[in-house]
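Worksheet: one structure, shown below.
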Amino acid sequence: MNSDALTEPSVEQLEALVQRRLRGPVRNLRLLVGDQGLILQGQSSTYYAKQLAQHTAMEITGLAILANEIEVR
């Protein structure tokens, strides 16, 4: 059995998965993973996209969101 198939995804893989699900409304998305949960960073043009990113990240990772630092511009 290949043990690589059982490894957890990297932060970069999680960021890419969230971006694919969002289809682009958040730029420069970063997920900072800690023991207690996630911190989201990036830029968005709408508050809806910011909230969608938060919901998507929680859904994919199963972790709590400690802070959503995505800037709306």
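The chain holds strands (runs of 3 or more DSSP E) entirely within its bounds, and those carrying 2 or more residues that are touching a Gly at 6+ places or on another chain (Cβ under 9 Å) and at pLDDT 90 or above map to 26-33, 65-72.
For every residue, the table says whether it meets (1) touching a helix residue (DSSP H, G or I) at 6+ places or on another chain (Cβ under 7 Å); (2) over 16 Å from residue 14 (Cα atoms).
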{"position": "34", "(1), (2)": "no, no"}
{"position": "40", "(1), (2)": "yes, no"}
{"position": "44", "(1), (2)": "yes, yes"}
{"position": "57", "(1), (2)": "yes, no"}
{"position": "62", "(1), (2)": "no, no"}
{"position": "67", "(1), (2)": "no, yes"}
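The values are calculated or read from the model by the stated rules, or taken from the named source; none is laboratory data. Treat the numbers as computed from the prediction; the structure is a model and nothing was measured. Neighbour counts run over all protein chains shown; Cβ positions are idealised from the backbone, glycine included.
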